[in-house]
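What follows is a set of notes on a single structure, which appears directly below.
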């Protein structure tokens, strides 16, 4: 691929659109999450600011912007300020190869999933920096947990995706979508239910959401790696958390749920509907389950998901070889 | 091994049960009372015992039944009451009745010891104050104001009919 | 002009090593092994329920040593007992443990009645039992929600509050308040229940049983929840004996001891209260004991409602606010939601008691935490702390 | 008095009790109470520990005679609440051996008494303030002014004495004529 001016302009437009998407997603998801939590707990959730509390999230983000950035004593300044930025910006790149609709891709690279998986590693780096730099023991414990958790959960995640890649024979997300049909029985979820399950569990682990929110386990570590962040630093972590959720949901929709393909009319709406259903699932289980313990978290991964993923991959490989 | 797998499958099922419960609650009506728009129903409200008030006099509702005997002042554990006797010995009614709600623990010792039942709990559940001074009530003035507002009580029960209006 | 400082480019941060620990941290650090992390859980920590502070020495995530530091909510209730007449001191009892005020009401009122020889009318005794059991349910419900929240499940506490709201409505009818209930008087209770009071209780009992089934589905059977608790923090009988732990902790340890039955007070001996035991002695056992106790309380409520007699609710010559205790000494204990609530009064016959000693069950229960938490993971230590059902105002008094 | 209580009372007597009281349970909530010399406390605690008793609390009070430290015990197997009392006559430096080695739960109760009364428990591993600030000025807060002090012997607070050792000067006014002077001067 030659990086011509057109491609460059395309990337620029895509990045700007993705920033818009990320911010809009965070605002919407904060509202949806708080409303869903409210309804599950039989209370109204945000209610007073705007009609049905719709501009609550915007007001919250204004508040976060206006807040003083508090820096504790003896922090490592460079890393302390680098961490939220590092949490936020790599996620931008990750959206580039996602096929939102037919022909609607930020950067249609042939091996898009490799790009996503490679840059996803930056997330854990930011957690590590944040916890390490903020001169806080809770932060340090949170960072230690974040690293071992992210490293662990990336593996079954990749194994689950590899099964689909084996089956499709391509690393390009667009081709993976094109390989699936428009109707639910033509999607990969039916062909690879086990891979879907593994992916679903490890996406919760990878995005540090409850019940796997160990790095920020509030009843143990107050807020974990971002204990000392306030104002904009906290907002960036928040933004990147929701962006990460959106990203893994998009990847899930692309790989298992047929991406932009759907009944009646293919298009961008199907991607978003599917992604947001998965987002809702993540929100839903967050408000239902207690948190797992750290050793259990790793046990689930190393003792169950990893062998299952390997077996699944092995069977897929054999079947792909036998039935071309 | 088989057993562990079976246990985990059962565990996964238990997770689904929990998710079903929260899903049902997601679509069931809320329990919250939106305070400024809705308030708690009256029969629940009148059992609440808020700050003290003087009951209405038997003959003239605006004159308190209090005979300045200081029983309540002695009984109060928080020292929140001040009753000043009338300097004229012939008049029993007090000239000042101060009640410091910031010190009150709502124990009811004063209400129970009052020989003339001149004291009662109000039901002002939505009481709001911005300063401490606003919580020091002059109960004689309060009684006068209430009597002026509703000279005759609608119900049979004395003070409890004047449920919380703020 | 020195070179550019990469670590601190703006030169704002403090000198390293200027932070000095406070008295307790220094004390704790003296015994610590070099290289281990000393973590201050609390006094402002989401899972220390108020203002408990626990110093822990961590090796990785393993708790090597833990030491609770108390006193952040200390109000010198015992001194207040010495400067107020018993009548004036009684409202304080609701403030000692705001989640289970009725038990404390009963402990103090019972102590005074025992010392002064005041007889309590029959109907008042039944009303006391009803109030105490309602309050026990309410206390256990809040514990249930808070405990699940300690383990990371945020939703159940709000379901528990629905039930608590109903219970508050019921107790408000007779006590007038919703939190720091002051229901008991020496020689009876403050107010008789009206028809609505009994009707609401009768409606509440089947409703609560339905909800307990929902609790089972949502939390008790949840695999994450169970695996967080099973086998965590075992406390056997010997540990309870050495630390004087009572209540659900003791019953989970397999000891069938309940003050309501062992040293009966009120009319408990007539109601044949069921005492749930026979659970494992770990965190899950303590959790189950408390849920079963809610059910047992509902049964007691049913029996009390069925057999409550008519009659006065306050003894005819009830003590006045200036009532003087006769000289003597008394120890009276009742079974609160957290264990044995005791009240030791020494009176010299003066206006105010000579000495009031309050035996808080949470105080003894918390003292075993240091031993129980040794060698556990931090998350387990939090679970153990939650399973002790602490109310810090009661521990600190 | 039941057999079990009698056996306990004998046992406590053998351990070197100064006086054994027989309280009225309906009025005092105790089955048995005994005064012990400080050095016999650990032995008595060990004795009760072996009988399956647990320490409920340590309640201190200041009297004219000195600091009275009361240990309340109860047995879970066979409810029998009893009190062991140690009188600390040295008001300047009230010292009593700790029962921490036998009942670890005593650590906090003893620290509480140390906070409120300044009673020193020898052998407590961590005798630092528990509920009060460590730098609280002034005397311990529950100590009384000298004119407010009462005498437990004159008031006869603890009921009838069942047995009193000959040297024990604080017998209740009514009972035990053989115990020398009835009340202190």
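The values are calculated or read from the model by the stated rules, or taken from the named source; none is laboratory data. In this text, all values refer to a predicted model and were calculated from it rather than measured experimentally. As a convention, Cβ positions derive from the backbone with ideal geometry for all residues, glycine included, and neighbour counts pool all protein chains shown.
State whether one or more residues within the stretch C:317-327 are over 25 Å from residue D:76 (Cα atoms), crowded, with 24+ Cβ neighbours inside 10 Å and away from chain B (no Cβ under 14 Å).
Yes, because at least one residue in the stretch C:317-327 is over 25 Å from residue D:76 (Cα atoms), crowded, with 24+ Cβ neighbours inside 10 Å and away from chain B (no Cβ under 14 Å).
When the stretch C:242-263 is examined, which residues are found to be more than 19 Å from residue C:129 (Cβ to Cβ), within 10 Å of chain D (Cβ to nearest Cβ) and surrounded by fewer than 23 Cβ atoms within 10 Å (Cβ to Cβ)?
Residues satisfying the conditions are C:242, C:255, C:256.
Going through the stretch B:1-19 one residue at a time, which ones are under 49 Å from the mean Cα position of the chain (by Cα) and either part of a loop (DSSP other than H, G, I, E, B) or more than 8 Å from chain C (Cβ to nearest Cβ) (or both)?
B:13, B:16, B:19
In the stretch D:12-85, which strands (runs of 3 or more DSSP E) lie fully inside it and hold 1 or more residues that are within 23 Å of residue D:105 (Cα to Cα)?
Qualifying strands (runs of 3 or more DSSP E): D:32-36, D:53-63, D:66-75.
Filter the stretch C:26-45 down to the residues that are under 22 Å from residue D:131 (Cβ atoms) and surrounded by 15 or more Cβ atoms within 10 Å (Cβ to Cβ), then identify the one that is farthest from the other protein chains (Cβ to nearest Cβ).
The selected residue is C:43.
Restricting the search to the stretch C:68-98, which residues are in a loop (DSSP other than H, G, I, E, B) and either facing chain B (nearest Cβ under 10 Å) or buried (at least 24 other Cβ atoms within 10 Å of the Cβ) (or both)? Steps first, please.
Within the stretch C:68-98, the subset in a loop (DSSP other than H, G, I, E, B) is C:70-76, C:84-85, C:97-98.
C:70, C:84, C:85, C:97 - these are the residues of the stretch C:68-98 that are in a loop (DSSP other than H, G, I, E, B) and either facing chain B (nearest Cβ under 10 Å) or buried (at least 24 other Cβ atoms within 10 Å of the Cβ) (or both).
Can you find a residue in the stretch D:37-51 that is within 29 Å of residue C:110 (Cβ to Cβ), surrounded by fewer than 23 Cβ atoms within 10 Å (Cβ to Cβ), within 11 Å of chain C (Cβ to nearest Cβ) and touching a helix residue (DSSP H, G or I) at 6+ places or on another chain (Cβ under 9 Å)?
Yes, that holds for at least one residue.
Quick one: in the stretch D:52-97, of everything that is within 15 Å of residue D:113 (Cβ to Cβ) and surrounded by fewer than 20 Cβ atoms within 10 Å (Cβ to Cβ), which residue is nearest to the other protein chains (Cβ to nearest Cβ)?
Among those that are within 15 Å of residue D:113 (Cβ to Cβ) and surrounded by fewer than 20 Cβ atoms within 10 Å (Cβ to Cβ), it is D:66.
Would you point out the residue of the stretch C:149-179, among those that are surrounded by fewer than 20 Cβ atoms within 10 Å (Cβ to Cβ) and part of a loop (DSSP other than H, G, I, E, B), that is farthest from the chain's Cα centre (by Cα)?
Result: C:178.
Within the stretch D:129-146, can one find any residue that is over 22 Å from residue C:247 (Cα atoms), over 17 Å from the mean Cα position of the chain (by Cα) and part of a helix (DSSP H, G or I)?
Yes, the stretch D:129-146 contains at least one residue that is over 22 Å from residue C:247 (Cα atoms), over 17 Å from the mean Cα position of the chain (by Cα) and part of a helix (DSSP H, G or I).
So for the stretch C:300-317 (the condition being under 18 Å from residue C:257 (Cα atoms) and touching a residue at least 24 places away in the same chain (Cβ under 8 Å)), does at least one residue qualify?
yes
Kindly indicate which of C:338, C:303, C:290 is outside any loop (DSSP other than H, G, I, E, B) and either surrounded by 24 or more Cβ atoms within 10 Å (Cβ to Cβ) or within 14 Å of chain B (Cβ to nearest Cβ) (or both).
C:290
With respect to the numbered conditions (1) part of a helix (DSSP H, G or I); (2) within 24 Å of the chain's Cα centre (by Cα); (3) surrounded by fewer than 16 Cβ atoms within 10 Å (Cβ to Cβ), which one is the sole condition not fulfilled by residue A:78?
(2)
For residue C:1, indicate whether it is at pLDDT 85 or above, more than 8 Å from every other protein chain (Cβ to nearest Cβ) and either under 23 Å from the mean Cα position of the chain (by Cα) or part of a loop (DSSP other than H, G, I, E, B) (or both).
no
One residue is enough: does the stretch C:225-232 have a residue meeting the conditions buried (at least 22 other Cβ atoms within 10 Å of the Cβ), farther than 30 Å from residue C:305 by Cα, more than 10 Å from chain B (Cβ to nearest Cβ) and under 20 Å from the mean Cα position of the chain (by Cα)?
No, because not a single residue in the stretch C:225-232 is buried (at least 22 other Cβ atoms within 10 Å of the Cβ), farther than 30 Å from residue C:305 by Cα, more than 10 Å from chain B (Cβ to nearest Cβ) and under 20 Å from the mean Cα position of the chain (by Cα).
Here is a check on your reading of the model: is residue C:122 within 14 Å of chain A (Cβ to nearest Cβ) and surrounded by fewer than 22 Cβ atoms within 10 Å (Cβ to Cβ)?
So residue C:122 fails the test.
Would a scan of the stretch D:93-107 turn up a residue that is in contact (Cβ under 8 Å) with a residue 40 or more places away in the chain and within 19 Å of residue D:21 (Cα to Cα)?
Applying the first criterion (in contact (Cβ under 8 Å) with a residue 40 or more places away in the chain) to the stretch D:93-107 yields D:95-97, D:99, D:101-103, D:105-106.
Subsequent filtering for residues that are within 19 Å of residue D:21 (Cα to Cα) retains none.
Within the stretch D:93-107, none of the residues are in contact (Cβ under 8 Å) with a residue 40 or more places away in the chain and within 19 Å of residue D:21 (Cα to Cα).
Take residue A:58 and decide whether it is under 24 Å from the mean Cα position of the chain (by Cα), surrounded by fewer than 17 Cβ atoms within 10 Å (Cβ to Cβ) and assigned to a helix (DSSP H, G or I).
Answer is yes for this residue.
Among the residues of the stretch D:107-117, is there at least one that is part of a strand (DSSP E or B) and either under 22 Å from residue D:157 (Cα atoms) or away from chain C (no Cβ under 13 Å) (or both)?
No, because not a single residue in the stretch D:107-117 is part of a strand (DSSP E or B) and either under 22 Å from residue D:157 (Cα atoms) or away from chain C (no Cβ under 13 Å) (or both).
Would a scan of the stretch A:35-53 turn up a residue that is surrounded by 16 or more Cβ atoms within 10 Å (Cβ to Cβ), more than 14 Å from every other protein chain (Cβ to nearest Cβ) and at pLDDT 85 or above?
no
Looking at C:266, C:278 in this structure, which one is surrounded by fewer than 24 Cβ atoms within 10 Å (Cβ to Cβ), out of contact with any helix residue (DSSP H, G or I) (no Cβ under 6 Å at 6 or more places or on another chain) and in a loop (DSSP other than H, G, I, E, B)?
On inspection, the qualifying residue turns out to be C:278.
Test each condition in (1) surrounded by fewer than 22 Cβ atoms within 10 Å (Cβ to Cβ); (2) part of a helix (DSSP H, G or I) for residue A:138 and report the one that comes out false.
Only one criterion in (1) surrounded by fewer than 22 Cβ atoms within 10 Å (Cβ to Cβ); (2) part of a helix (DSSP H, G or I) is unmet by residue A:138, namely (1).
Report those strands (runs of 3 or more DSSP E) wholly inside the stretch B:45-135 carrying at least 1 residues which are surrounded by fewer than 20 Cβ atoms within 10 Å (Cβ to Cβ) and within 14 Å of chain C (Cβ to nearest Cβ).
In the stretch B:45-135, B:119-121 are the strands (runs of 3 or more DSSP E) which contain 1 or more residues that are surrounded by fewer than 20 Cβ atoms within 10 Å (Cβ to Cβ) and within 14 Å of chain C (Cβ to nearest Cβ).
Does the stretch A:147-162 hold any residues that are within 13 Å of chain C (Cβ to nearest Cβ) and surrounded by 24 or more Cβ atoms within 10 Å (Cβ to Cβ), and which are they?
none
Considering only residues that are more than 20 Å from residue A:247 (Cα to Cα) and buried (at least 18 other Cβ atoms within 10 Å of the Cβ), which ones fall in the stretch A:192-202? Don't jump to the end; show me each part of the working.
Residues of the stretch A:192-202 that are more than 20 Å from residue A:247 (Cα to Cα), as a first pass: A:192-194.
Scanning the stretch A:192-202 gives a single hit, A:192.
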